[in-house]
1. Take the conditions among the charged types (D, E, K, R) and within 20 Å of Lys189 (Cβ to Cβ) and apply them to Asp115. Does it pass?
2. Name the one entry in Ile202, Ile207, Ile193 that is assigned to a loop (DSSP other than H, G, I, E, B), at pLDDT 90 or above and among the aliphatic types (A, V, I, L, M).
3. Restricting the search to the range 155-208, which residues are hydroxyl-bearing (Ser, Thr, Tyr) and more than 12 Å from Leu138 (Cα to Cα)?
4. Ile128 fails exactly one of the following numbered conditions: (1) in a helix (DSSP H, G or I); (2) closer than 16 Å to Cys241 by Cα; (3) of a type in the set (Val, Ile, Thr). What is the number of that condition?
5. Is there a residue in the range 140-160 that is in contact (Cβ under 8 Å) with a residue 24 or more places away in the chain and within 19 Å of Gly247 (Cβ to Cβ)?
6. Among the residues of the range 62-75, is there at least one that is outside the structural domain of Thr179 (by TED's automatic domain parsing), of a type in the set (D, E, K, R) and either modelled with pLDDT under 65 or touching a Leu at 6+ places or on another chain (Cβ under 6 Å) (or both)?
7. Based on this model, can you work out whether Ser107 counts as more than 20 Å from Ile202 (Cα to Cα), out of contact with any helix residue (DSSP H, G or I) (no Cβ under 8 Å at 6 or more places or on another chain), part of a helix (DSSP H, G or I) and not charged (D, E, K, R)?
8. Identify the residue in the range 143-190 that is within 23 Å of Lys254 (Cβ to Cβ) and among the basic types (Lys, Arg) and, among all such residues, is modelled with the highest pLDDT.
Amino acid sequence: MKKETLGYGILIFLTLLMLYFLSKQEVFSLFLLFFTLLLSFFIGYFVSSNRAYRKSKVDETLTHIVREILHELNIPLSTIKANTTLLKRKLEDEKSLKRIERIEDASLRLARLYDELNYGIRKEIEAIEYEKVDIKQLIEERVEIMQLLNRNCFNVNLEPLTLFIDKIGFEKMLDNLLTNAMKYSSKEKNIDIYLDNFVLTIQDYGIGMDEVELLSIYERYFTLNSSKGEGIGLALVKAYCDEANIGIDIFSKKGQGTIINLNLKEIIV
């Protein structure tokens, strides 16, 4: 707003300055110059203030709409989850049970996208609280949730370590990495999680990536298999790590699996 006001003022000031030198009546020109300069600043301030006010009202309206939509989205997600659980208890036909499982998987993906959207919007409109968190306890809780999907087993080898972090953001980042590890590994393959010299490592033994694929992993909508995701997970992970001052390195070999290292040295309490 200040830049726009100054811009209007300078423009009109320079115009009148030119008129002053061209005028024969210097006293009148000086008065005109002074009066118009004040007027130009007033006009600039009024115009820029009006724009700022309108933008503020639009932002306020959009924030309200988004919150309403998020609230409404949560209701059908909860309904789907509750009803699929009830149906699974009553159904015995194998084909029907597989269909229910597909619905459950889809609803879990939607719930994950909902959580990420909700978190991203909250970050924009309110301050995110940082807190002290034990990384061992946090990871064990997330792994326990992941194992409810009845896919891979996890080998967790961690010592207690206190971090000062945005807990919700860290959980979302971690969930993305664990979900990817499961997504691109067969059910028979375990996933290792361990901590060494303040570096958290998540290692899978799945399909892996070649050098060309590794160059594109942080690009939005890049995915190794379009049927397995939207391709935004690692882009969100990288954005969070950059903001939280967490170093991230990814190593992978086609057919052998992927190793993700998270350097936590800068966020240790």
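1. Numbers: among the charged types (D, E, K, R): yes; within 20 Å of Lys189 (Cβ to Cβ): no.
Considered against the rule, which asks whether it is among the charged types (D, E, K, R) and within 20 Å of Lys189 (Cβ to Cβ), Asp115 comes out as no.
2. Answer to the check: Ile207.
3. As a first pass, look at the range 155-208 and keep what is hydroxyl-bearing (Ser, Thr, Tyr): 162, 179, 184-186, 194, 201, 205.
Selection gives Thr179, Tyr184, Ser185, Ser186, Tyr194, Thr201, Tyr205.
4. Going through (1) in a helix (DSSP H, G or I); (2) closer than 16 Å to Cys241 by Cα; (3) of a type in the set (Val, Ile, Thr) one by one, Ile128 breaks only (1).
5. Yes, some residue in the range 140-160 is in contact (Cβ under 8 Å) with a residue 24 or more places away in the chain and within 19 Å of Gly247 (Cβ to Cβ).
6. If we filter the range 62-75 for residues that are outside the structural domain of Thr179 (by TED's automatic domain parsing), which is where we start, we get 62-75.
Keeping just the survivors that are of a type in the set (D, E, K, R) gives 67-68, 72.
Filter once more, keeping what is either modelled with pLDDT under 65 or touching a Leu at 6+ places or on another chain (Cβ under 6 Å) (or both): none.
Taking every residue of the range 62-75 in turn, none turns out to be outside the structural domain of Thr179 (by TED's automatic domain parsing), of a type in the set (D, E, K, R) and either modelled with pLDDT under 65 or touching a Leu at 6+ places or on another chain (Cβ under 6 Å) (or both).
7. Details: more than 20 Å from Ile202 (Cα to Cα): yes; out of contact with any helix residue (DSSP H, G or I) (no Cβ under 8 Å at 6 or more places or on another chain): no; part of a helix (DSSP H, G or I): yes; not charged (D, E, K, R): yes.
Against the criterion (more than 20 Å from Ile202 (Cα to Cα), out of contact with any helix residue (DSSP H, G or I) (no Cβ under 8 Å at 6 or more places or on another chain), part of a helix (DSSP H, G or I) and not charged (D, E, K, R)), Ser107 does not qualify.
8. The qualifying residue modelled with the highest pLDDT is Lys189.
The values are calculated or read from the model by the stated rules, or taken from the named source; none is laboratory data. Just so we're clear, the structure is a prediction, and the values are computed from it rather than from any experiment. With ideal geometry, Cβ positions are generated from the backbone for all residues, glycine too; neighbour counts draw on all protein chains shown.
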